[in-house]
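Encoded as structure tokens, the structure appears first; notes follow it.
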Amino acid sequence: MMRITIAFLGNIQYDTRSFNLFHSLESKGHDVRFTGFDWETPGFRTTHSPRFCITRIKKRRLSVLFYARFAALMFCRLLRSRRELFIASDFYSLPFCAVAARFWNARLIYDAREITSELPAFHDKPFLKRIVIWVERACVPLACRVFSTGEMDSIVLEEKFGIPKPVLLRNLPRTQRTAPAVSYKRHFSRNVRKLLVYQGILVPGRGIETALEALEKLPGYGLVLLGGGEWSSYYEKKVDDSDLADRVFFAGRIPQDKLLRHTAGCDIGLSLINRICDNNYYALPNKLFEYIMAGLPVIVTDMPQMKSVVEAYRVGAVVPDQNPEAVAGVLAEWGRRRSDFRALKKNCRKAALELNWEKEFENACSEIAFI
């Protein structure tokens with residue numbers, strides 16, 4: 001048994017990856033603790049227990065104060081936690097886990113969810129981008145192992161930091177039964193026959209605009225948005241100002257243990273990520289696999305890792321980036337050829353037997369003997 005701390009700038013209740021990692025390590029008999037933060041969930045109160053410490057912090061206009069408070073709390077918390085393994089579950093927790101691992105003579109694992117310096121948030125902020133690059137170069141090589149979410153990510157991380165090839169740990173969902181699915185059609189008029197779903201944080205670059213534009217060309221279709229974030233009010237206003245107000249439903253953030261039931265209440269999953277940066281180009285998001293687990297055929301943009309999964313398992317369609325006409329065309333074709341759509345759903349059920357967290361985690365553990 002090892003004493004392990006997972007650190008993350010977020011709430012484990014709404015994050016599939018840290019949720020799955022925590023419970024899988026715990027099921028192996030390890031003493032696992034989670035330390036995180038929440039600034040997005042309405043009404044959330046700070047939670048302290050022997051296993052979970054999730055602090056409510058406020059995020060105002062001056063982001064530097066938010067990150068300063070996060071840094072101070074995370075630093076103090078980790079230095080008081082004598083553990084044998086620290087897992088930085090995102091870039092923001094990495095430097096603090098690195099210091100704590102050094103202080104306690106412990107191991108460090110970096111869970112590289114993305115190539116942080118290539119995120120669109122830093123493209124127009126060169127000073128912050130230089131800081132991120134410096135932190136990555138200083139801390140990533142200190143990890144005894146690095147996790148990656150896709151094969152292409154592993155190659156980039158290996159070349160960028162001169163580290164051993166990262167361990168592949170894709171964002172796959174746990175094997176779950178989808179019944180009983182949450183019924184979302186009651187939120188729409190009888191004219192809405194099929195429901196599209198987008199799940200994840202509501203921010204630009206994730207294809208939400210493309211989905212809305214496609215919806216304008218598709219009478220009889222509705223869109224459910226499962227997620228939240230700082231841009232939620234922007235998209236709510238955008239929908240209210242359009243002719244789509246009665247065909248788009250904002251469901252808000254859904255806890256991980258209930259998410260699949262909500263996803264399964266829809267018919268088709270969307271992952272229309274825009275290629276606005278290299279990080280998006282390498283995207284292999286958890287939503288893609290969660291749609292498959294829920295039995296939903298998917299429509300994804302032409303990014304290599306998503307395209308590879310969709311074509312290998314024949315679970316959906318690939319469309320050009322930022323092309324609502326192509327999305328509408330695929331949906332119209334599926335509406336005409338219902339037998340093809342049923343075949344895609346059947347393929348999803350087959351793919352779910354292979355694309356699940358349990359198998360992925362055991363494969364990763366075979367490369368890391370100490371966990």
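Remarks
- Amide hydrogen neighbours beyond the local backbone of VAL248, cut-off 5 Å, H modeled: LEU223
- Cα-based equivalent ellipsoid, the chain: semi-axes from gyration tensor eigenvalues, Å: 35, 22, 20
- Gain in span if fully extended, SER242 to ASP31, counting 0.36 nm per residue against the direct Cα distance: 70.9 nm
- Nearest-ten-degree value, helix 151-161 long axis tilted from longest Cα axis of the chain: 30 degrees
- Taking amide H positions as modeled 1.01 Å from N, with prolines and chain starts lacking one, the residues under 5 Å from VAL319 and 5 or more places away or on another chain are VAL300, THR301, ASP302.
- Measuring nothing but how far apart in sequence close Cα pairs (under 8 Å, 6+ apart) lie, relative to its length, segment 1-141 scores a relative contact order of 22 percent.
- Three-way shape label, segment 195-244, alpha-carbon gyration tensor, a/c 1.5: prolate
- Computed with a 1.4 Å probe over protein heavy atoms only, the accessible surface of the chain comes to 47 Å² per residue.
- Applying Stokes-Einstein at 4 °C and 1.567 mPa s to the Kirkwood radius of segment 21-160, computed over alpha-carbon pairs, gives a translational diffusion coefficient of 79 µm² s⁻¹.
- Mean residue ellipticity (222 nm) of the chain, computed from DSSP H runs ≥ 4 via -39,500 (n - 2.57), nearest 500: -12000 deg cm²/dmol
- The 3J(HN,Hα) values that the Karplus relation (6.51, -1.76, 1.60; θ = phi - 60°) gives for segment 282-295 are, in residue order, 8, 4, 9, x, 5, 4, 4, 6, 6, 4, 4, 4, 7, x Hz. Gly and Pro appear as x.
- Residue-wise HN-Hα couplings along segment 35-49, as the Karplus relation 6.51 cos²θ - 1.76 cosθ + 1.60 with θ = phi - 60° gives them from phi, are 10, x, 9, 9, 10, 10, 7, x, x, 5, 10, 3, 10, 10, 8 Hz; Gly and Pro carry x.
- Cα gyration tensor category, rounded, prolate or oblate, for segment 59-134 with a/c compared to 1.5: oblate
- Degrees separating the helix 338-352 axis from the principal Cα axis of the chain, which is the longest one: 20 degrees
- Set of lysines with alpha-carbon distance to LYS237 below 24 Å, sequence-local pairs under 8 removed: LYS58, LYS59, LYS185, LYS194, LYS217
- The modelled label-to-label distance between ARG3 and ILE276, using points 7 Å beyond Cα along the C-beta direction, is 4.4 nm.
- Relative contact order computed over the chain (Cα-Cα under 8 Å; 6+ residues apart), in percent: 14 percent
- Of the residues ILE268, VAL197, ALA72, the one whose Cα sits farthest toward the positive end of the charge dipole of the chain, with +1 on the Cβ of Lys and Arg and -1 on the Cβ of Asp and Glu, is ALA72.
- Among MET152, MET74, the sequence by solvent-accessible area, most first, with a 1.4 Å probe is MET152, MET74.
- Cβ-based charge dipole, the chain, positive-most Cα from THR149, VAL224, THR47: THR47
- Compactness relative to 2.2 N^0.38 Å, alpha carbon Rg of segment 220-371: 1.12
- Taking amide hydrogens as placed 1.01 Å from N in the peptide plane, the amide H of PHE52 sits under 5 Å from those of PHE34, each at least 5 positions away in sequence or on another chain.
- The 1.4 Å probe gives accessible areas that order HIS48, HIS30, largest first, as HIS48, HIS30.
- For the chain, a simple Cβ point-charge model (Lys and Arg +1, Asp and Glu -1, everything else neutral) yields a dipole of about 1140 debye relative to the Cα centre.
- Using θ = phi - 60° in the Karplus curve 6.51 cos²θ - 1.76 cosθ + 1.60, the 3J(HN,Hα) couplings for segment 187-199 round to 7, 10, 6, 5, 6, 8, 9, 10, 10, 8, 9, 10, 10 Hz; x is entered for Gly and Pro.
- In terms of the mean number of neighbouring beta-carbon atoms within 10 Å, the peptides 314-327, 242-255 order highest first as 314-327, 242-255.
- Rounded to the nearest 10 degrees, the inclination of helix 94-103 to the longest alpha-carbon principal axis of the chain is 30 degrees.
- Between segment 38-86 and segment 187-260, the Cα center-to-center distance that results, in Å: 30 Å
- In this simple spin-label model, placing a label point 7 Å from the Cα along the Cα-to-Cβ direction at both GLU325 and ARG45 gives a separation of 5.5 nm.
- Cα gyration tensor, segment 270-338 - rounded (a/c under 1.5), prolate or oblate: oblate
- The packing ranking of peptides 286-293, 363-370, highest mean first, is 286-293, 363-370, where packing means the average number of other beta carbon atoms within 10 angstrom of each residue.
- Computing FRET efficiency as 1/(1 + (r/R0)^6) for LYS359 and LYS194, where r is the C-beta to C-beta distance and R0 is 22 Å, gives about 0.10.
- Computed over protein heavy atoms with a 1.4 Å probe, the carbon and sulfur contribution to the accessible area of the chain reaches 51%.
- Area projected by the alpha carbon convex hull of segment 134-267, averaged over all directions, nm²: 10.8 nm²
- One chain, two ends: ARG60 and SER183. Fully extended at 0.36 nm per residue, the span grows by 40.7 nm beyond their Cα-Cα distance.
- For q = 0.16 Å⁻¹, Debye-computed log10 I/I(0) when each Cα of segment 1-93 counts as one equal scatterer: -0.63
The values are calculated or read from the model by the stated rules, or taken from the named source; none is laboratory data. Just so it is clear, the model here is predicted, and its values are computed rather than measured. Positions of Cβ are generated from backbone atoms using ideal geometry, with glycine treated the same way; all protein chains shown enter the neighbour counts. Just the protein is used for accessible areas: all its heavy atoms, side chains included, with ligands, DNA and RNA removed. Shrake-Rupley method; radii C 1.70, N 1.55, O 1.52, S 1.80 Å.
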